[in-house]
Every structure is written in C-alpha cells, then in structure tokens.
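Peer 1: Got a structure for you, written out below as structure tokens; questions coming shortly.
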C-alpha cells in the first residue's frame, strides 16, 4: 500500500513539473524584444523631463527614456546608449519625432561635442 502511494505521489510530482516547463520558456519574439541594443549619436533634450532624443549618423531618431542616470549632463555630446527596446505610447510617438525607443540603462560618452 505504501509503495503504491509513493509511486502515485512521484508520478503526480513528475507530471506537475512537466506542465511548469512551458511557463518558464519564452518565445523567440519576446526574447528578441528584450535583447539589449546599443545606439551611438548626438544626445538632445526630449519633449519631457527624463526623455531625450538621440540622433544617429544614419538619420534615425531614437527616443530615450532614462531613470536616475543624469543624462542631462551629456546633452550635445556624442554618446553610446545601451538599453532595451520599448513600445512607446501614442503620445510618445507623436512628441519629438522619434522612430525607435529605448529604456536606457548605460551611457558611454564618445565625444564632448556632436559631429554635425
């Protein structure tokens, strides 16, 4: 009797753990969206506080959202910003003219001025 109960319990635990595996797996599109991105360009003030615009050499404009990085110290500098891609709200898309958006987590100053 004890042997059958133990076997049933073991089977239940095993079957329960199989169902949990897909919960921890992420789809390819979700994983790609979380992949860090690095962008280099000229940092400008954006339409609101803690929002910035990064204009790249290829003409793209990136909307940059930051938290506690003091990016305003690097306005009009050439910088490389690392961050995660994000989906902007309709208001964020309309303000500033950015085509792409990043939530920044790192900044490296490339030059004290922007090359125009």
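The values are calculated or read from the model by the stated rules, or taken from the named source; none is laboratory data. Since the model is a prediction, treat every value here as computed from it, not as a measurement. Positions of Cβ are backbone-derived with ideal geometry, glycine not excepted, and every protein chain shown enters the neighbour counts.
Peer 1: Taking into account only those residues within segment 28-63 that are modelled with pLDDT under 85 and not in a loop (DSSP other than H, G, I, E, B), which is nearest to residue 103 (Cα to Cα)?
Peer 2: 33
Peer 1: Does residue 25 meet the test of being exposed (fewer than 11 other Cβ atoms within 10 Å of the Cβ) and either touching a strand residue (DSSP E or B) at 6+ places or on another chain (Cβ under 6 Å) or at pLDDT below 65 (or both)?
Peer 2: In short, yes.
Peer 1: Let me ask you something else. Can we say residue 72 is under 14 Å from residue 45 (Cβ atoms) and not in a loop (DSSP other than H, G, I, E, B)?
Peer 2: yes
Peer 1: So, one more: Criterion first (closer than 14 Å to residue 48 by Cα and in contact (Cβ under 8 Å) with a residue 12 or more places away in the chain) does residue 96 satisfy it?
Peer 2: So residue 96 passes the test.
Peer 1: Something else now. Could you grab the pairs with beta carbons closer than 8 Å, sequence gap of 6+ or different chains, first residue in segment 61-77 and in contact (Cβ under 8 Å) with a residue 12 or more places away in the chain, second one part of a helix (DSSP H, G or I)?
Peer 2: So the pair list comes out as 63/92; 64/71.
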